[in-house]
């Protein structure tokens, strides 16, 4: 019982972190699973969202919402840049696009650190959520709890859109057979631009929402990128639930894992990622005419 | 070059291959006798290429056994089966495009040659020289130094065949070798096939019945993954069930077919029509712009 | 910076984006014994000489050699040490070209064996073993062993999965280096590594200039060896695996074994580069193995042409020049310049990138998806 008590807060943190990663990784999965673009600038977009939100938000609720809006818009614009950059390379395959996004991430990262400096940039959140609450006898930051609620709502909304709306089924179809969607009359560049924009928006929003949790700082971009990649590799391709569980798992490893035994967390993370990659590929190579890592990740 | 003693039989029993919902091959029992020329024909989707893929090892069966000269090779890998003496060509000729034609043949012969240290230049040159005969049989000696990627379709097809021959196989599997060839190309192909040593067991998958009639000792007809009929080309041409499988409900036979009936040149007609020079196909078969029989992920 | 496209007798295949196009003509020359290229004699001897593919491919090498030999006399200490760093990184870039260019396995993790080699040299140095050749040998072997172990895992994947696996393995290595404080000094790095003497009895390399000549010598030797091996039938095997792995298997080749061996060789090569880097910097830290480094050398290979070891060296030089020298007037903005260079390179050098193709995992497709299965 004592062990559960001691680890309660980190465990709850893990849920918050996991939800954040879920929302963040959604953008990456979208682009990669459907657009086939490994967006290395993903972390940069997240950081951008965080910085923008931190700049605008000054403690009032209005500014907080404005900050989120600005973060989302900023992310979308970033996505637009991404779209413009990768579109001409679409027929040259995955690698040139990945390299381009890496270049963009370097440029973006430099701009961010020039504008905002090299230190952590704290976010001012409205006072009413700036305190703590009591849960099950533990003290827990209010914002994080609220975040869990908000992120869960977002996740559910996203699942609904994916599963029940026309746009959602179009997305799922595109994930299965990209060319089919083109054959259905949607101009490829429009689809590409929409995907990039949506991915950027999601990353920016996640960055804004998560700014009080993973503060925008010089390491944020790389960290979020790495963790997002681990999430999409661990999650079952094409399954929202799988991605969700993977995100929670990663979140827990990063928080609970660290509190239980601080040394093993990074090994566990990348070790699991490696195992998942090998297992996935191996399954793909046993000749099932279906998904394999390269297509869906 | 090592020459294994004599041809080999291929025997499949209870062979089944299912892909999620679809069953490509259903409980096939076939016996390809040593040293004979066998053809496998059937309408699209009959499972012919799947059968070849199963025998050569590209695919693992869902159930059933494959025996090569009595030896159970169901669990043997592709590469090992090749080294045992099973060679094949592909629907879309696959070659190593950045290497020269001569190199393609040499590399195809490499795993089957007894020379030691072929990774050394001198030994490799020996290997290459001993392969010149295969270039001749395939009629591509003039192209020896061209990068294989620069070849026209027909030349590539012959290279593919040359590569299969260079492996000095005991079983040769040919997947629609006549597809996409001009009449001249088909002539060359026929010559090459007639020149095949007696000890090689040949299994040809083809759509072109005239070609099959010219080449095969026995014909096996598949439909929907199951065996429909088997016999000599003449027997098959006369078989009512076979004709029905190909022509559906339209009139059986040649004369008196109404304006609605499909192509009136049935196997029966062609078998008796010695003057007709062309090689018609049974159905509007796969266009040669199809993706290769291997899918990139 | 790609080598000039080389005229050969045969039409260039669209797939053969090999700027060291003499690769094909030389390959066929050694393969079938036919004469090389368009050296048929007519006109003046010089014109014939210049038209020969061998000579034209050789021009960049000569220029590079001249530069490397002459430059030190006009550069200051900082410039020379930059050159040395570029050479060490260049060896790493060559190891990437072996995997990405020849074997068709673009990788984001070669900085890991690089780091292993560097730490091996560092550990040897701080424990009194300061003979350069010994450090090189040990570093290479340890890195090769490391690659042999990690390769067992990595080789099971292809394409983007391979990219991510090597990335993950790289991150694991960097983390381990940071944690293993007793051996590596942790995240602060290992500093104060004593300078080396190339061979027993030779003087210790005390100046930037001396270190440079040593690094240059070592680099030349190793790149020459690699070049010879890649031009031999071994290179053909790798290229064929890259072009169509499934066909190699169909033909009976043990593809997995070939690729594992290539991975080990590339690891050894990277380790060699790591030892050199340690010698130049006299300092090793986990950052040397970071994913940024891996990405940078992948860029170097893109710039230089996927199957050209020489191109890889030039690419590495360009990157170091941009990051550390050009960025001089713009302190702290190295990443910006590099990023711009990445972006420009991807657009401007389609051949370089085209030469690196994802060795996709091929699964036999039996059912047609589009247009019905008929």
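The values are calculated or read from the model by the stated rules, or taken from the named source; none is laboratory data. All values reported here derive from a predicted model rather than from experimental measurement. No Cβ is skipped: glycine too gets one built from the backbone with ideal geometry, and neighbour counts run over all protein chains shown.
For residues in the range A:110-132 being part of a helix (DSSP H, G or I) and in contact with a helix residue (DSSP H, G or I) (Cβ under 7 Å, 6 or more places away or on another chain), which is farthest from residue A:144 (Cα to Cα)? Taking the candidates together, the pick is A:110.
Across the range B:13-37, the number of residues qualifying as within 17 Å of the chain's Cα centre (by Cα) and under 18 Å from residue B:70 (Cβ atoms) comes to 7.
Kindly check whether there is at least one residue in the range A:260-271 that is at pLDDT 75 or above and closer than 28 Å to residue A:161 by Cβ. Scanning the range A:260-271 turns up no residue that is at pLDDT 75 or above and closer than 28 Å to residue A:161 by Cβ. Inside the range C:214-226, residues that are in contact with a helix residue (DSSP H, G or I) (Cβ under 8 Å, 6 or more places away or on another chain) and either surrounded by fewer than 16 Cβ atoms within 10 Å (Cβ to Cβ) or within 14 Å of chain B (Cβ to nearest Cβ) (or both) make up a count of 0. In the range C:244-320, counting only helices (runs of 4 or more DSSP H) that sit wholly within it, the ones holding 3 or more residues that are free of Cβ contacts under 8 Å to residues at least 12 places away in the same chain and either crowded, with 22+ Cβ neighbours inside 10 Å or more than 14 Å from chain B (Cβ to nearest Cβ) (or both) span C:245-251. The number of residues in the range B:33-46 being touching a helix residue (DSSP H, G or I) at 6+ places or on another chain (Cβ under 9 Å) and either surrounded by 24 or more Cβ atoms within 10 Å (Cβ to Cβ) or within 13 Å of another protein chain (Cβ to nearest Cβ) (or both) comes to 6.
Scanning the range C:81-107 for residues being farther than 19 Å from residue C:148 by Cβ and part of a loop (DSSP other than H, G, I, E, B) gives a total of 2. Looking across the range C:176-194 at every residue that is surrounded by fewer than 16 Cβ atoms within 10 Å (Cβ to Cβ) and not in a helix (DSSP H, G or I), the one that is farthest from the other protein chains (Cβ to nearest Cβ) is identified as C:194.
Taking (1) within 11 Å of chain C (Cβ to nearest Cβ); (2) farther than 19 Å from residue A:200 by Cβ; (3) surrounded by fewer than 24 Cβ atoms within 10 Å (Cβ to Cβ) in turn, residue A:96 satisfies each apart from (3).
I'd like to verify a number: residues in the range B:140-154 that are in contact with a helix residue (DSSP H, G or I) (Cβ under 6 Å, 6 or more places away or on another chain) and either without any contact (Cβ under 8 Å) to a residue 40 or more places away in the chain or within 15 Å of residue B:93 (Cα to Cα) (or both), how many? So the count comes out to 5. Scoring residue B:151 on the criteria (1) more than 9 Å from chain C (Cβ to nearest Cβ); (2) more than 23 Å from residue C:258 (Cβ to Cβ) leaves a single failure, condition (1).
Just so you know, in the range C:141-157 the residues that are farther than 19 Å from residue C:96 by Cβ and within 12 Å of another protein chain (Cβ to nearest Cβ) include one that is surrounded by the fewest Cβ atoms within 10 Å (Cβ to Cβ), and it is C:152. Screening residue B:202 with (1) under 13 Å from the mean Cα position of the chain (by Cα); (2) without any contact (Cβ under 8 Å) to a residue 40 or more places away in the chain gives one miss only, at (2).
Specify which of the listed residues (C:165, C:173) is more than 17 Å from residue C:287 (Cα to Cα) and crowded, with 18+ Cβ neighbours inside 10 Å.
From the options C:165, C:173, the qualifying one is C:165.
Taking each residue of the range C:327-355 that is at the interface with another protein chain (Cβ under 8 Å from one of its Cβ atoms) and under 21 Å from residue A:90 (Cβ atoms) and looking for partners that are part of a loop (DSSP other than H, G, I, E, B) and at pLDDT below 70 with beta-carbon atoms closer than 7 Å, six or more apart or interchain, yields C:354/C:17. Among the residues that make up the range B:64-79, is at least one of them buried (at least 18 other Cβ atoms within 10 Å of the Cβ), in contact (Cβ under 8 Å) with a residue 60 or more places away in the chain and more than 10 Å from chain C (Cβ to nearest Cβ)? Yes: the range B:64-79 contains one or more residues that are buried (at least 18 other Cβ atoms within 10 Å of the Cβ), in contact (Cβ under 8 Å) with a residue 60 or more places away in the chain and more than 10 Å from chain C (Cβ to nearest Cβ).
State all residues of the range B:187-210 that are surrounded by 21 or more Cβ atoms within 10 Å (Cβ to Cβ) and under 26 Å from residue B:246 (Cα atoms); if no residue qualifies, say none. Selection gives B:189, B:202, B:203, B:204, B:205, B:206, B:207, B:208, B:209, B:210. Answer yes if at least one residue in the range A:70-83 is at the interface with chain C (Cβ under 8 Å from one of its Cβ atoms) and under 18 Å from the mean Cα position of the chain (by Cα), and no otherwise. No.
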